[in-house]
Amino acid sequence: MHGPASSGWLLVALCAATGAYCLLRMRSSVEEQRRAAGGEALMGFGMAAMAVPAAVFTPPQWAWPVYAVVFGAAGLRALWTARAGRHHLHHLVGAAAMVHMAVAMAGSPAHAHGHGSSGVPALTGLLLLYFTGYVLLTGVRLIPVAAVAGGVPAAGVPAAGVPAAGWGDRPELARACRLSMGIAMLAMLLTM
């Protein structure tokens, strides 16, 4: 990743922590959550590896095509599983963004930005727009909703007598995880 080393290390820490939490979510008793968490863990750790500052470690040229193949395969899997739920379309866009960044890094000389002086490429611009919208929407969904008048619990609030969900089954933590990865993706796309 190009840019200041301090922001690169912050992205590495954020993405690695997010990937680690997604690994914990894979212990969920809900199969769909386990599947989604696996893809998100791959994305988090892949983003962490890609965000390591170039001044500290420059991956060999063969690493970028490997990234493109791995995330291309993840994108195909997301496309296949999108039949069951539209959330997987977001995984498809995330995988496409990772492939785009890997291809741009493979084609750029060392220490050069992927787009030169002609401005932001169209695909990068579209991905920036998508992830900006995604981050804003996910952030709004994290705003707590007060209980509805009349004693009916709000969405996501356990009813009396219902045990609280474990770490792997907490939807607000999963949303926060996705929000942090969306923010990290925006930061990475901005440095291209």
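The values are calculated or read from the model by the stated rules, or taken from the named source; none is laboratory data. Please read all numbers here as calculations on a predicted model, not as lab measurements. Every residue, glycine among them, receives a Cβ derived from its backbone with ideal geometry; neighbour counts consider all protein chains shown. These accessible areas exclude ligands, DNA and RNA; they are computed on the full protein's heavy atoms, side chains included. Shrake-Rupley method; radii C 1.70, N 1.55, O 1.52, S 1.80 Å.
Within the stretch 28-74, the residues that satisfy the criterion of being in contact (Cβ under 8 Å) with a residue 60 or more places away in the chain and assigned to a loop (DSSP other than H, G, I, E, B) are Ser28, Ser29, Val30. Picking from residues in the stretch 1-25 that are open to solvent by 80 Å² or more (accessible area, probe 1.4 Å) and at pLDDT 85 or above, the one that is nearest to Ser180 (Cα to Cα) is Leu10. Val103 passes every criterion in (1) within 15 Å of Arg178 (Cβ to Cβ); (2) open to solvent by 60 Å² or more (accessible area, probe 1.4 Å) apart from (1). Per the listing Val56, Val52, the residue uniquely within 19 Å of Leu190 (Cα to Cα) and either over 17 Å from the mean Cα position of the chain (by Cα) or open to solvent by less than 50 Å² (accessible area, probe 1.4 Å) (or both) is Val52.
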